[in-house]
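Take a look at the structure below.
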Amino acid sequence: MFRAVIIDDIDNSRLTLAHDIGKYCPTIKIVGEADSVKSGLEIISSQNPDVVFLDIQLGDGTGFDILEKIGEFDFQVIFTTALDSYGIRAIKFSALDYLLKPIDPDELIEAVNKLEQNNKKKNVKDSIRLLLENMRDIQPSNKRIALNSADKVHMVYIRDIIRCESQGSYTIFHLVSKEQIVVTHNLKEYEQLLEEYSFIRVHHSHLINFAYLKEYIKKDGGYAVMNDNSQVPVSFRKRNNLLDMIGV
């Protein structure tokens, strides 16, 4: 049984979520609620929950403020929000779960199931630390992303990713260290996260870091040669985008 608290500044949102948890998630027991950063810190301190359902926007600050102020924590977090905002982007970078309001019961059940299957507190702590790091104004060259593989969460500098390769519903990350990390998310999701860091989709199965492009070979349908000498096919539809980035 997981002991949970709900932190949300909208009364109806807390009531609805508590109702849905009671109806669909028998392994979750609600032990407290709060409606602000101040009361959220108090309820976490007094109840020591296993999981916090945490709204991003609160009347006196944000859910991120709560995590910053706590410092040391021993609970998991499922964020809730009505906005698909910059905060959501930081959450995705950190391999943490979130639910968009109005919360779909199926998505709630899926998030709780994942909570039960991956009850690895160290990984959660690392992911939350990465989230707070990414919310700060850090240089892009120092930006990291959490890659959730079958056995652990890898904290990887974006600058160390040479390319990403799709394998069905999985994505393989190829790093400068020659390490390969297989994650259980599709390539489209990482394309959206990494496009502002000079990553470009050159094929339906390939996303490359432009910084590691060694050369573009025009023959044989066109392919990219990366700094690690890997050869990546470039589709006809994606070729012009790549050539625009090259500047030819």
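Quick note: the coordinates plus some simple rules give every number you see, no bench work behind them. Model, not experiment: these values are computed from the prediction. Using ideal geometry, Cβ is built from the backbone for each residue, glycine included, and neighbour counts are taken over all protein chains shown.
Here are the numbers for this structure:
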quantity	calculated
Inter-part distance where region 161-203 and region 30-47 are each reduced to a Cα centre, Å	38 Å
Relative contact order, percent, region 145-246 [alpha-carbon distance under 8 Å, six or more residues apart]	18 percent
Length-normalised contact order for the chain - Cα pairs under 8 Å, 6+ apart - percent	10 percent
Contact order relative to length of region 2-135, as percent, for alpha carbon pairs under 8 angstrom and 6 or more apart	23 percent
Antiparallel DSSP beta bridges within region 1-72, as percent of all bridges there, nearest 5	15 percent
Residues Arg201, Arg129, sorted so that the one with the fewest Cβ neighbours within 10 Å comes first	Arg129, Arg201
For a label point 7 Å along the Cα-to-beta-carbon line of Asp160, residues of region 89-104 with backbone N under 20 Å	92-96
Over 26 Å [Cα-Cα, the chain], rounded percent	45 percent
Base-10 log of normalised Debye intensity for region 145-246 (one unit scatterer per alpha-carbon) at q = 0.19 Å⁻¹	-0.89
Counting DSSP beta bridges with both ends in the chain, the antiparallel % (nearest 5)	60 percent
Value of D in µm² per second that Stokes-Einstein yields for region 44-169, Kirkwood Rh from Cα pairs, at 4 °C (1.567 mPa s)	83 µm²/s
Label-point separation in nm, Ile217 to Asn229, each point 7 Å along Cα→Cβ	1.2 nm
Dipole in debye (nearest 20) - the chain, about Cα centre, beta carbon charges: Lys, Arg +1; Asp, Glu -1	1060 debye
Under the Karplus curve 6.51 cos²θ - 1.76 cosθ + 1.60, θ = phi - 60°, whole-Hz ³J(HN,Hα) for region 167-174, x wherever Gly or Pro sits	9, x, 8, 9, 10, 9, 9, 9
Radius of gyration, Dmax [region 22-92; alpha carbons; angstrom]	12.3, 33
Over 18 Å (Cα to Cα) - which of Lys218/Lys238; Lys69/Lys125; Lys92/Lys143; Lys38/Lys69; Lys143/Lys188 fall in this group	Lys143/Lys188
Förster radius 41 Å - calculated FRET efficiency between Leu41 and Met245 (Cβ-Cβ, nearest 0.05)	0.35
